[in-house]
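Engineer: I have a structure here, written as structure tokens, and I will follow up with some questions on it.
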Amino acid sequence: MQSSRATHTASDSWQKELAALIDTTRLPSFGGMLEKFLATQCHFDTMLLVTFKKSLKPIIIHPTDPAQQSLTLHNYLNRAYILDPLFNAIQNGHLGEGVSRLTDIAPDSFETTEYYQSCYKEFDLIDEINMVIELAPKVSCTLSLGRRTNRGTITRAELTRLNDIYPVIKSIVRQFWLSQSQEFVKYEKSEGAMNQAIGTFGSGVLTPREQQIAGLILQGHSSKAIANHLNISLGTVKVHRKNIHTRLNTSTQSDIFTLFLAHLKALDPAANF
């Protein structure tokens, strides 16, 4: 009997949080209420709600409080998202709507990249669960839940609950976007040369193939993955990697990343990255 009461109380709490969330789809407090509701379904330490639109920089929907926005988050929104596995999977059409974990979509050597070290390892994030929602043609929303080491990776039960509740979350977020999108799109900024950022890295120094491979290295693809992706031999990739280091006067992936940041800065001197 006590177990039944406890279950009934938990169910009531879940329903009340959902009702409160629905009530805020037209209010500035939507992001906070969405975070509060999702906490009834899954344990997490950070939540980030961002929209992506082709040719435009990402727009942050939550958190909007500057006190909750770290320098790393600003760097991500300003430039680093170019190397983000989630962003690239969506832009390349490799990831549709639904729930997924970062480990399911990241390149095989992603954890060796400087991007991973600065955006994930430095903040002790061990797992990231993403909900992808299509808001309009060419406009996607990603809801990312981060978990730190002490919390461990997401459990099967939690992932099941998120998959079960996903259709409801998708509908609510879409209603929010229909009513409040104008409050955010006014901050859209064209990325200009951003589309060619990776493609132009090393221009005049690297060959077109070396530029292509350098871009894949920056995104976290191993030599084997690059060989499979470009349909060339592993030995050929290794030769290209050696030539890239020689031409750029680098010796490590970290050195290449540093040069890439300088390249991004040159594209947009006003960028704070």
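Engineer: Restricting to Cα pairs below 8 Å that are 6+ residues apart, what does the relative contact order work out to for segment 2-185? Please round to a whole percent.
Structural biologist: Numbers: 214 pairs, mean separation 47.7, N = 184.
Result for segment 2-185 is 26 percent.
Engineer: A further question on this structure: Please give the FRET efficiency for Asn150 paired with Asp108, using the beta carbon to beta carbon distance and R0 = 30 Å, rounded to the nearest 0.05.
Structural biologist: Numbers: r = 27 Å, r/R0 = 0.88.
Efficiency, from the Cβ-Cβ distance: 0.70.
Engineer: A further question on this structure: Note the full-extension length gain between Gln180 and Thr200 as 0.36 nm times their separation in residues minus their Cα-Cα distance, in nm to one decimal.
Structural biologist: Gain on stretching Gln180 to Thr200: 3.6 nm.
Coordinate-derived values only; no laboratory data. Just so it is clear, the model here is predicted, and its values are computed rather than measured. With ideal geometry, Cβ positions are generated from the backbone for all residues, glycine too; neighbour counts draw on all protein chains shown.
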